[in-house]
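To start, the structure itself, in structure tokens.
The values are calculated or read from the model by the stated rules, or taken from the named source; none is laboratory data. Only a predicted model underlies this, so the values are computations on that prediction, with no experimental measurement involved. Because the Cβ atoms are built from the backbone with ideal geometry, glycine has one as well, and the counts that use them run over all protein chains shown. Areas reflect the complete protein model, heavy atoms only, side chains present, ligands, DNA and RNA absent. Shrake-Rupley method; radii C 1.70, N 1.55, O 1.52, S 1.80 Å.
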Amino acid sequence: NAALDEAAIDTLDKQWRAETKAEDQPLIAAVLSNPLSSYLTQIQAASGGLYTEIFVMDAKGLNVGQSAVTSDYWQGDAGTFQKTFPKGADGVFIDDAEEHEGSKTWRTQVNLTVTNSEKTPIGAITVEVNLTELARRRAIN
């Protein structure tokens, strides 16, 4: 995606948003069927409800792997990306906890810069943590 300009990113994001409401979802299917998405889905499933969403973005803020469909394709305008990737290799942002109305659970997003082996930022990752489940597990121990 390195060669994509702002107009191309906007077009892809609009396509993604439209596909979330459509039967035909070629862009979404391409991302969800790649090896990274499969890996993230396995991690989420193995967490037993602790992780409710995991997605990885590239250096442009575009989704490159995810455990579930996000509402949009471009995260470059969101804190998940803006408060991590531009901050460099040590970029970390933990969002405020919010109640998820559908499940009546409290959740937060943990966001980190992703780097290559030379510690050069190449993207970001967001892991949504179910705080209600975390508290339940801590109460058991």
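With the condition being among the small types (Gly, Ala, Ser), I'd like the helices (runs of 4 or more DSSP H) fully within the range 1-85 carrying at least 2 qualifying residues.
In the range 1-85, 6-19, 26-32, 35-46 are the helices (runs of 4 or more DSSP H) which contain 2 or more residues that are among the small types (Gly, Ala, Ser).
Give the number of residues within the range 32-59 that are in contact with a Phe, Trp or Tyr (Cβ under 8 Å, 6 or more places away or on another chain) and either closer than 22 Å to Ile9 by Cβ or open to solvent by less than 50 Å² (accessible area, probe 1.4 Å) (or both).
4
Take the residues of the range 98-113 that are under 17 Å from the mean Cα position of the chain (by Cα) and closer than 13 Å to Glu133 by Cα: which is surrounded by the fewest Cβ atoms within 10 Å (Cβ to Cβ)?
Across the range 98-113, the extreme among qualifying residues is His100.
Return a yes/no flag: does the range 102-115 have any residue that is in a strand (DSSP E or B) and touching a His at 6+ places or on another chain (Cβ under 6 Å).
Yes - at least one qualifying residue is present in the range 102-115.
So how many residues does the range 101-141 have that are more than 25 Å from Gln75 (Cα to Cα), without any contact (Cβ under 8 Å) to a residue 40 or more places away in the chain and not β-branched (Val, Ile, Thr)?
Looking only at the range 101-141, we keep the residues that are more than 25 Å from Gln75 (Cα to Cα), and these are 104, 132-141.
If we keep only those that are without any contact (Cβ under 8 Å) to a residue 40 or more places away in the chain too, we end up with 104, 132, 135-136, 138-141.
Imposing the further condition that a residue be not β-branched (Val, Ile, Thr) reduces the set to 104, 135-136, 138-139, 141.
Residues in the range 101-141 being more than 25 Å from Gln75 (Cα to Cα), without any contact (Cβ under 8 Å) to a residue 40 or more places away in the chain and not β-branched (Val, Ile, Thr): 6 in total.
Within the range 114-141, take every residue that is small (Gly, Ala, Ser) and surrounded by 11 or more Cβ atoms within 10 Å (Cβ to Cβ) and give me the one that is farthest from Val64 (Cα to Cα).
Step one: list which residues in the range 114-141 are small (Gly, Ala, Ser), which gives 117, 123-124, 135, 139.
Next, from what is left, pick out any that are surrounded by 11 or more Cβ atoms within 10 Å (Cβ to Cβ): 123-124, 135.
Numbers: Gly123: 9, Ala124: 10, Ala135: 31 Å.
It comes out as Ala135.
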